[in-house]
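Below: the structure, in structure tokens.
Any read-out appearing in this document is the output of simple, stated calculations on the displayed coordinates, not a laboratory observation. If you're wondering where the values come from, they're calculated on a predicted model, not measured in any experiment. Positions of Cβ are backbone-derived with ideal geometry, glycine not excepted, and every protein chain shown enters the neighbour counts.
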Amino acid sequence: TAPVIGIHDLAVATGSRVLDLADLAYATGVEPAKFHKGLGQDQMSVPAPDEDIVTMGAAAAAPILERHGTAGIRTVLFATETGVDQSKAAGVFVHRLLGLPSSCRVVELKQACYGGTAALQMAMGIVARDPRERVLIITSDVARYGIDTAAEPTQGAGAVAMLVAADPDLLEIPGPTGVWTADIDDFWRPNDSDVAMVEGKLSIDAYLDAFTGAWDDYRAQGGVDVGEIDRFCHHQPFTRMAEKAHRRLAEHTGVDLPLETFLPSTFYNRRIGNSYTASLFFALAAVLDADDDLAGARVGLFSYGSGAVGEFFTGIVRPGYREVMRRERTEQMLDARVPVSVADYRALHRGVPRDTTNDITVDAVSAGPFHFAGIVGRARRYTRD
Ligand code: CAA
């Protein structure tokens, strides 16, 4: 019989600074309720100068390796849409920082916020071929839009690492899945820009079309009826978007879906903001960290990456999953972030080095243990405390 495969462990990290969106609202002359209720966001994580997708990704993965060791990990898939190099995979830096064995393949995957789900599906295939293997997935992003744009309050930063293995402790991921792709310019980032371009309203419509399209494909492939899904995690560029998706699914299927079946998925993302590839998996972490016992429950996950690709799939929560989750660590990490003023956040936003022609040294200002240390000979340097 085929082995059960899925997510064996999951851990998170985020930027060490935090901006309260009420402060941004006052500074920009917007009613705070627009951000809190209209977008469903309270705060956003902001990386310190020595933090980026590599340091957050390493910080997310480190506790997984502490618990399980590195044996059997022959693949690292790093999903991001805010890569730090046009050629080298960010995961190669992480591979060294975490002391992973050299008998390992490392690659970076990109399709906007969808890349993490692509990594998960590929990891499932690798483990299905040889159930002795385990795959480390890292999803990590810094969401950056222009200052004073409508998208500014929907920034954020974070990373989720997952170990995919046979006989998983957390979530079995059975087939089928539903997929959808269409060529749409709703959100993109040209090679010469370090902030994303976005057609806000179009992106919301594209997300909802991708959702119903992926759902219909899921059903056509033999996926379960909507009433058999106990909890929902929808990609959260801002948590209100997940509510729109949930309502759309109810309309589309004609089934009454109580908001309680998706609300627990928003608890971390309300405080972190958009973390692009990591966002869906922060939603999953929040659902698994909630008070109710979900052993045996079915969780629906909708992944959306602008441009645009969508995928709907489900997971079944494994017995004993609670012993694996790290709710206290995650809550402490969020509480420990250093509050910054709007002026400080904007200085951090402008301060990200764009030009790599001159060597620079970046001081270790965050608690670490991983730091971006600067640029030498146009190459990035990272350290571990
Ligand atoms: N009290 C309560 N609600 C208020 C309010 C108040 N005082 N003032 C406004 N609102 C409500 C509005 O009614 C609106 O609600 P509805 O959606 O129900 O109509 C909501 O707040 C937002 O207001 P606007 O539509 O006026 O917002 P905006 O035009 O200023 O910007 C946005 C919203 C388009 C989402 C913008 O933040 C943006 O471009 N964000 C980035 C793009 C994005 O996240 N798109 C999502 C889909 S793409 C994706 O998912 C991939 C990804 O990760 C980027």
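Multiplying the residue separation of GLU66 and ALA343 by 0.36 nm and removing their Cα-Cα distance gives an extension gain of 95.9 nm. Here the sum of -39500 (n - 2.57) over DSSP H runs of 4 or more residues, divided by the residues of the chain, equals -9500 deg cm²/dmol at 222 nm, to the nearest 500.
Taking 15 Å as the cut-off, the amide N atoms of region 6-23 that come nearer than this to a point 7 Å along the Cα-to-beta-carbon line of HIS36 belong to 20-23. If you bin all the Cα-Cα distances of region 1-89 at 10 Å, starting from zero, the percentages per bin are 13, 29, 29, 19, 8, 1, 0.
Per the Kirkwood formula applied to alpha carbons, region 322-367 shows a radius of gyration over Rh ratio, Rg over Rh, of 1.16. Across the chain, C-alpha contacts under 8 Å between residues 6 or more apart give a mean separation that, scaled by the residue count, equals a relative contact order of 24 percent. Listing SER103, SER16 from fewest to most neighbouring C-beta atoms within 10 Å gives SER103, SER16.
Here's the picture: a label point sits 7 Å out from the Cα of VAL365 along the beta-carbon direction, and within region 26-46 the residues with their amide nitrogen under 20 Å of it are 44-46. For region 294-347, the square roots of the Cα gyration tensor eigenvalues, ordered a ≥ b ≥ c, give a/c of at least 1.5 with a/b no greater than b/c, which places it in the oblate category.
So how much slack lies between ARG298 and GLU172, counting 0.36 nm per residue of separation and subtracting their Cα-Cα distance, in nm?
Going from the current span to full extension adds 44.4 nm.
Take the alpha-carbon centre of region 1-72, take the same for region 259-277, and report the distance between them in whole Å. Value for the Cα centre distance between the two parts: 10 Å. In region 257-302, the convex hull through the Cα atoms has an average projected area of 3.5 nm², a quarter of its surface area.
Cα centroids of region 286-349 and region 98-115: 20 Å apart. The fewest-to-most ranking of ARG346, ARG327 by surrounding Cβ atoms within 10 Å reads ARG327, ARG346.
Each residue in ILE147, ILE73, ILE126 was given a count of other beta-carbon atoms within 10 angstrom of its own, and listing them fewest first yields ILE147, ILE126, ILE73. Note on the chain: Kirkwood hydrodynamic radius from all Cα pairs is 20.7 Å, rounded to one decimal.
With each label modelled as a point 7 angstrom along the Cα→C-beta vector, the LYS201-ASP185 pair spans 1.8 nm.
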